[in-house]
Amino acid sequence: MKKLVLTVVATLALAVPVAFAADHGGHDMGRDAKIGGAAHEEVIDGVKAAFTVKTMKEAMKAMGMEMPKGVKETHHISLAIKDVKTGRELTQGEVKVKVQGPDKVEQTKDMMEMHGHFGADFVMAVKGKYGVMCKFRTPDGKVRQARFWYTVK
């Protein structure tokens with residue numbers, strides 16, 4: 001049963017970004033921000049970091065599927081990184097995200113590269129404010145950090 005659940009979660013982790021890429025013409029984070037899709041954006045030392053937070057239910061609905069039983073993750077967090085000078089998307093690097101819930105429970109995950117952005121799934125089942133802290137290393141070798149609050153209603 002555990003293997004089945006892990007397989008479904010891994011499939012979702014790869015399928016969700018594909019669905020968003022199809023819906024958003026390559027998952028253009030700038031477009032997402034204009035339509036209210038970005039949860040947080042900031043420029044850090046020459047690169048623009050744009051985060052989105054989507055429920056797994058929203059992601060599954062967008063693909064025309066129902067949420068499989070046994071999936072505990074409730075939200076998908078993604079990060080798109082662009083070089084400010086060139087506008088080029090940076091799709092290589094290392095990204096680690098820590099999410100602290102209103103109940104003080106912490107989750108730390110490495111984000112994986114997914115079709116032009118980095119992403120990971122988190123359990124954000126308790127209503128309230130979540131602290132999202134991210135460290136990422138870009139191809140230039142620099143380590144950058146971003147933090148923001150996200151409210152689950």
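The values are calculated or read from the model by the stated rules, or taken from the named source; none is laboratory data. Please read these numbers as outputs of a predicted model, since none were measured by experiment. We place every Cβ from the backbone using ideal geometry, glycine too, and count neighbours over all the protein chains shown.
Which ones in the stretch 95-117 are of a type in the set (Asp, Glu) and either loosely packed, with under 14 Cβ neighbours inside 10 Å or assigned to a loop (DSSP other than H, G, I, E, B) (or both)? Of everything in the stretch 95-117, those that are of a type in the set (Asp, Glu) and either loosely packed, with under 14 Cβ neighbours inside 10 Å or assigned to a loop (DSSP other than H, G, I, E, B) (or both) turn out to be 103, 106, 110. When the residues of the stretch 86-141 are filtered to those that are out of contact with any Asp or Glu (no Cβ under 8 Å at 6 or more places or on another chain) and among the polar types (S, T, N, Q), which remaining residue is farthest from residue 75 (Cα to Cα)? Applying the filter and picking the extreme gives 86. Against the criterion of being closer than 18 Å to residue 123 by Cα, modelled with pLDDT of 90 or more, touching a strand residue (DSSP E or B) at 6+ places or on another chain (Cβ under 7 Å) and of a type in the set (Lys, Arg), residue 48 does not qualify.
When 148, 118, 122 are screened for being of a type in the set (Phe, Trp, Tyr), closer than 17 Å to residue 37 by Cα and under 12 Å from the mean Cα position of the chain (by Cα), only 118 passes. Close Cβ contacts (under 7 Å, 6 or more residues apart or on different chains) running from residues in the stretch 63-90 that are at pLDDT 90 or above to residues that are loosely packed, with under 14 Cβ neighbours inside 10 Å and not in a loop (DSSP other than H, G, I, E, B) comprise 84/43.
Taking the criterion of being touching a residue at least 24 places away in the same chain (Cβ under 8 Å), part of a strand (DSSP E or B) and of a type in the set (Ser, Thr, Tyr), would at least one residue in the stretch 118-134 satisfy it? Yes.
Please go through the stretch 69-85 and give me each residue that is assigned to a strand (DSSP E or B) and surrounded by fewer than 17 Cβ atoms within 10 Å (Cβ to Cβ), ordered by number.
83 - this is the single residue of the stretch 69-85 that is assigned to a strand (DSSP E or B) and surrounded by fewer than 17 Cβ atoms within 10 Å (Cβ to Cβ).
Scanning the stretch 123-153 for residues that are among the aliphatic types (A, V, I, L, M), in contact with a Phe, Trp or Tyr (Cβ under 8 Å, 6 or more places away or on another chain) and under 17 Å from residue 53 (Cα atoms) yields 124, 132, 146, 152.
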